[in-house]
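The structure appears below as structure tokens.
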Amino acid sequence: MNRTDTFCNRLNELLFKKNISVSELCRITGLQYTAVNNYLTGYRIPRLDTICMIAETTETDIRWLIGYDL
């Protein structure tokens with residue numbers, strides 16, 4: 001599994017487990033819907049600062065979000 005697949009899968013899992021919609025993630029992070037959708041489909045990987053923001057606003061460990069098993 002590559003970096004894109006790992007982040008895509010983890011972000012989808014995060015939203016599912018925390019019951020957060022794409023719209024809600026956009027609202028709490030300020031990210032555009034298209035950008036989040038691109039991350040969820042694996043079309044794009046966000047910059048590190050964006051990953052940090054997603055992790056912080058969803059109270060998720062960034063190491064897990066980028067693919068490390070904790």
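Here is how the number arises for the chain: DSSP H runs of 4 or more residues each give -39500 (n - 2.57), the sum is divided by the residue count, and the result at 222 nm is -18500 deg cm²/dmol.
Protection proxy ranking, highest mean first, for peptides 49-56, 26-33: 49-56, 26-33, where packing is the per-residue count of other beta-carbon atoms within 10 Å, averaged. Placing D61, D69 in order of accessible area, with the largest value first and a 1.4 Å probe, yields D69, D61. With the convex hull drawn over the C-alpha atoms of the chain, the volume per residue is 78 Å³.
The values are calculated or read from the model by the stated rules, or taken from the named source; none is laboratory data. Note that the structure is predicted; figures quoted are calculated from it, not measured. We place every Cβ from the backbone using ideal geometry, glycine too, and count neighbours over all the protein chains shown. Accessible surface is based on the protein model in full, side chains and every heavy atom, while ligands, DNA and RNA are left aside. Shrake-Rupley method; radii C 1.70, N 1.55, O 1.52, S 1.80 Å.
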